[in-house]
Amino acid sequence: MEQNQPLKRVALITGASRGIGRAISISLAAEGMNVCINYAGNEAAALKTKALCEEASPDITALTVQADISSEEGCHTLIQSALDAFGRIDVLINNAGITQDNLLVRMDTQQFDRVIALNLRGAFLCCQAVTRTMMKQRYGRIINISSIVGLHGNAGQVNYAASKAGLIGLTKSIAKELASRNITANAIAPGFIETDMSAAMTDAAKAATLAQIPCGREGLPSDVAEAVRFLASEKASYITGQVLGVDGGMGI
Ligand code: NAP
């Protein structure tokens, strides 16, 4: 880096090719951060996110990295790719997530394990892999995308709810471990957000969910991204171990 050049923060966002992850990437790029955009298989969507980030802030660098966050190797490849490209990671957003819904009595162990492996174990592995770097930097922001379902539970989603509740425990513990190193860890609990994930719901389930939202509308990915933008900023240095609902009042 040239002398007197202001430090460019680096944000790594898992599951950033679509939906909430894409919106977060664009909003952090707009803040002037270099972004590492992770995806599982949808390269075209990841390249679209990259183009939108560069459009939001032409002087940043956006890198796309294919990696399966449910595997240990995938997490390490991802973190190493970001470090090779940028030399640092300031912000980690654990956003990649899936659902595999079924009632408890019908859920097989593979459905349970797949959801935990990505939503919870993947987030743990990514946190662990960035910690040394963040400790050396004496700076870090970790934001885990949980869900209102992790706070309140949901019939048909024991696996998903357990993964999202687990993320909250993970976040609070990391916050306690790393606060003295100037690393914060917070969780966001979105409600019902308009993405491919929520598009899979039946019309009846959507209507029933909408009826529970005091704001009277589905959330947008940008609603979540705005909360992330603040928690990822230097201004949020005294906020750690918190769970912020972005749910239109659904969790009240
Ligand atoms: P989405 O539209 O389905 O997008 C999922 C993203 O995760 C995609 O970028 C996908 O990549 C990536 N992904 C899937 N499997 C992966 C893997 N094994 N490794 C790496 N990346 C993987 O989801 P979304 O609605 O934006 O949700 C984002 C997060 O918010 C999730 O953690 C979700 O649980 C949480 N959330 C969502 C809602 C909601 O209403 N939408 C509510 C509460 C919480 P590809 O494009 O390559 O497949």
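The values are calculated or read from the model by the stated rules, or taken from the named source; none is laboratory data. None of these values were measured; they are calculated from a predicted model. Every residue, glycine as well, gets a Cβ built from its backbone with ideal geometry; the counts of neighbours run over all protein chains shown. Note: accessible area is taken over every heavy atom of the protein model, side chains too, but ligands, DNA and RNA are not part of it. Shrake-Rupley method; radii C 1.70, N 1.55, O 1.52, S 1.80 Å.
Scoring PHE124 on the criteria (1) over 18 Å from ALA175 (Cα atoms); (2) surrounded by fewer than 19 Cβ atoms within 10 Å (Cβ to Cβ) leaves a single failure, condition (1). Selection over region 165-176 of residues that are within 16 Å of GLY191 (Cα to Cα) and touching a residue at least 60 places away in the same chain (Cβ under 8 Å) gives a count of 2.
PHE124 - would you say it is closer than 23 Å to ALA23 by Cα and under 16 Å from the mean Cα position of the chain (by Cα)? Yes.
For region 96-119, the criterion of being open to solvent by less than 10 Å² (accessible area, probe 1.4 Å), of a type in the set (A, V, I, L, M) and farther than 30 Å from ILE252 by Cβ is met by none of the residues. Here the condition is being basic (Lys, Arg), open to solvent by 80 Å² or more (accessible area, probe 1.4 Å), farther than 30 Å from ASN102 by Cβ and away from the ligand (no atom under 16 Å from the Cβ); of LYS235, LYS172, it holds for LYS235 alone. Contact map, region 19-48: residues that are within 12 Å of the ligand (Cβ to nearest atom) paired with residues that are of a type in the set (Asp, Glu), Cβ distance under 8 Å, separation 6+ or inter-chain. Pairs shown: GLY19/ASP196; ALA40/ASP68. Residues in region 50-57: is at least one within 13 Å of the chain's Cα centre (by Cα) and either of a type outside the set (A, V, I, L, M, F, W, C) or modelled with pLDDT of 95 or more (or both)? No.
All told, ALA162 meets the bar of being open to solvent by 20 Å² or more (accessible area, probe 1.4 Å) and closer than 30 Å to ILE89 by Cβ.
Which of the residues belonging to region 177-190 are over 14 Å from the mean Cα position of the chain (by Cα) and in contact (Cβ under 8 Å) with a residue 40 or more places away in the chain? The answer is LEU178, ALA179, ARG181, ASN182, ILE183, THR184.
Number of residues in region 132-157 that are closer than 21 Å to ILE24 by Cα, open to solvent by 10 Å² or more (accessible area, probe 1.4 Å) and either in a helix (DSSP H, G or I) or among the basic types (Lys, Arg) (or both): the value is 3. Scanning region 208-229 for residues that are farther than 21 Å from ASN34 by Cβ and of a type in the set (D, E, K, R) gives ARG217, GLU218, ASP223.
Here are LEU63, LEU28: which of them is open to solvent by less than 60 Å² (accessible area, probe 1.4 Å) and either modelled with pLDDT under 95 or in a strand (DSSP E or B) (or both)? Of the residues listed, the single one that is open to solvent by less than 60 Å² (accessible area, probe 1.4 Å) and either modelled with pLDDT under 95 or in a strand (DSSP E or B) (or both) is LEU63. Residues in region 66-96 that are closer than 20 Å to ALA23 by Cα and not in a loop (DSSP other than H, G, I, E, B) were compared, and the one that is farthest from the ligand (Cβ to nearest atom) is VAL91.
Does SER57 qualify as being more than 9 Å from the ligand (Cβ to nearest atom), more than 29 Å from GLY166 (Cα to Cα) and among the hydroxyl-bearing types (Ser, Thr, Tyr)? Against the criterion (more than 9 Å from the ligand (Cβ to nearest atom), more than 29 Å from GLY166 (Cα to Cα) and among the hydroxyl-bearing types (Ser, Thr, Tyr)), SER57 qualifies.
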